[in-house]
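I have placed the structure first, in the form of structure tokens, so that the comments after it can refer back to it.
The values are calculated or read from the model by the stated rules, or taken from the named source; none is laboratory data. Fair warning: this is a prediction, and the values are worked out from it, not measured in the lab. For neighbour counting, all protein chains shown are included, and Cβ atoms are generated from backbone atoms with ideal geometry for every residue, glycine included.
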Amino acid sequence: MLVVIQSGIMMAQTKTVVTQYGERVTIHPNANDGLTATDGFIQLGGALTKPSTLTTTSDYTLAIKGLQTGLSTDNILVTDADGILKLIKKNDLSNGWLLDGNTNGALKSVGTNDNFDLPIETNGAERIRVTSDGQLLVNTTAPLAGGATAKVQINNGTTAGALQIKDGTQGDGKVLTSDANGLSTWQTSRVAIVDGVRPIGRIDFASSGNNLLSGSIDLPVGDWLINTGFLINPKTGVSKPVINSNYAARLTFSSSNTDIVTTGFTYIGSNASLNTISTGSATPSYVMFAAGSFRVRNTSGGVLRLYLWNMGSVGAFGGTEIGSIANNGENYIYAIAVK
């Protein structure tokens, strides 16, 4: 048999030879199992006729050069656990997550199916991590100190402003609060103070029953603690309190300037303040200083004006003399938000 190696291609020719025993043997150049005999040459190409294994090592590797550039519509060649080559069609990858988005047609999920975290990177660095316990970590790979049970944690180092929430309720000086269901919105700080309008001019208490005084305060929706303090004067035309007598200042608020009503608000606790004094034989310049506090809840849905009223200071509550409220510098009306 004559075997010729030419240009890396094996060539075989039909040949008849005689053995040492005088036998004539004809050799035919047949090829199979991935080889093909063409024009006397044996070349790569053809159908495999049995399972075939090509073994490589780290020293003896297999390389194929000159391959054409593939397209996104091409199929993918893979190996299974035994190293057997298999083909996956591009259409069979539709259940995978693709760049530029997927058309799923049904609910799908992305993540881990074992006890491992899911990190997300940008620019070669991890930015977000969903832990196997369901915590969302931003700019940290492990829960922060003291936050073992916190579901959302943000590590912004020493830079202020790690969290920004903009929903239309934000504003300078507001604080983030929640309702009974945990729904958060920006609200005016609960330490907000609202100043009222002090009485102007002198107004006597009615000799019986109630009458409107000139003080008022405008309260937003919510719970408020109204604090009041007024210097009580003798009635108009009297310069000194009556000696050996009694004065009373029983005050309240109303949402009306024509009657005492509680439309749009409710009292939480007491609805009036009461201060009384007996003058004795001395003659002071003023009757007394009357202070009081009122807890109210504005349920009107907007800013509500409450008016200061005298509520029966003379007569039934020990006041035998008529007092009055004037525009004294000691007077005050203000409210503090309590909820």
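Any idea which of Ala316, Ala272, Ala326 is farther than 30 Å from Thr185 by Cα and either touching a Cys at 6+ places or on another chain (Cβ under 7 Å) or surrounded by fewer than 14 Cβ atoms within 10 Å (Cβ to Cβ) (or both)?
Only one candidate qualifies: Ala316.
Among the residues making up the stretch 63-73, those that are modelled with pLDDT under 85 and either of a type outside the set (Gly, Ala, Ser) or surrounded by 10 or more Cβ atoms within 10 Å (Cβ to Cβ) (or both) are Leu71, Thr73. Screening Asn227, Asn181, Asn246 for residues that are free of Cβ contacts under 8 Å to residues at least 40 places away in the same chain and not hydroxyl-bearing (Ser, Thr, Tyr) leaves exactly one candidate, Asn181.
Only one entry in Tyr267, Tyr307 is assigned by TED's automatic domain parsing to the domain that holds Tyr332, touching a Gly at 6+ places or on another chain (Cβ under 9 Å) and not basic (Lys, Arg), namely Tyr307. Number of residues in the stretch 247-262 that are charged (D, E, K, R) and under 30 Å from Thr279 (Cβ atoms): the value is 1. One residue stands out among those in the stretch 166-202 that are modelled with pLDDT under 95 and within 22 Å of Pro234 (Cα to Cα): the one that is surrounded by the most Cβ atoms within 10 Å (Cβ to Cβ), which is Arg198.
Among the aromatic types (Phe, Trp, Tyr) and assigned by TED's automatic domain parsing to the domain that holds Arg250, is that true of Trp224? Outline the logic, then answer.
Values: among the aromatic types (Phe, Trp, Tyr): yes; assigned by TED's automatic domain parsing to the domain that holds Arg250: yes.
Spelling it out, Trp224 is indeed among the aromatic types (Phe, Trp, Tyr) and assigned by TED's automatic domain parsing to the domain that holds Arg250.
Within the stretch 232-257, the set of residues being charged (D, E, K, R) and surrounded by fewer than 15 Cβ atoms within 10 Å (Cβ to Cβ) comprises just one member, Lys240.
Restricting Thr252, Thr263 to those that are over 23 Å from Thr236 (Cβ atoms) and either modelled with pLDDT of 95 or more or charged (D, E, K, R) (or both) reduces the list to Thr263. Sort out which residues of the stretch 145-160 are within 14 Å of the chain's Cα centre (by Cα) and part of a loop (DSSP other than H, G, I, E, B), and write them in order of number. Those that are within 14 Å of the chain's Cα centre (by Cα) and part of a loop (DSSP other than H, G, I, E, B): Ala150, Lys151.
Taking the conditions (1) closer than 25 Å to Lys90 by Cα; (2) in contact (Cβ under 8 Å) with a residue 24 or more places away in the chain; (3) of a type in the set (S, T, N, Q) in turn, Ser72 satisfies each one other than (2). Of the residues making up the stretch 75-84, those that are without any contact (Cβ under 8 Å) to a residue 12 or more places away in the chain, in contact with a strand residue (DSSP E or B) (Cβ under 8 Å, 6 or more places away or on another chain) and hydrophobic (A, V, I, L, M, F, W, C) are Leu77, Val78. The residues in the stretch 110-124 that are part of a loop (DSSP other than H, G, I, E, B) and under 21 Å from Val138 (Cβ atoms) can be counted, and the count is 7. A single entry from Gly215, Gly280, Gly209, Gly229 fulfils the requirement of being closer than 21 Å to Gly323 by Cα, loosely packed, with under 12 Cβ neighbours inside 10 Å and not hydroxyl-bearing (Ser, Thr, Tyr): Gly280. Considering only residues in the stretch 173-197 that are within 19 Å of Val303 (Cβ to Cβ) and of a type in the set (D, E, K, R), the one that is nearest to the chain's Cα centre (by Cα) turns out to be Lys174.
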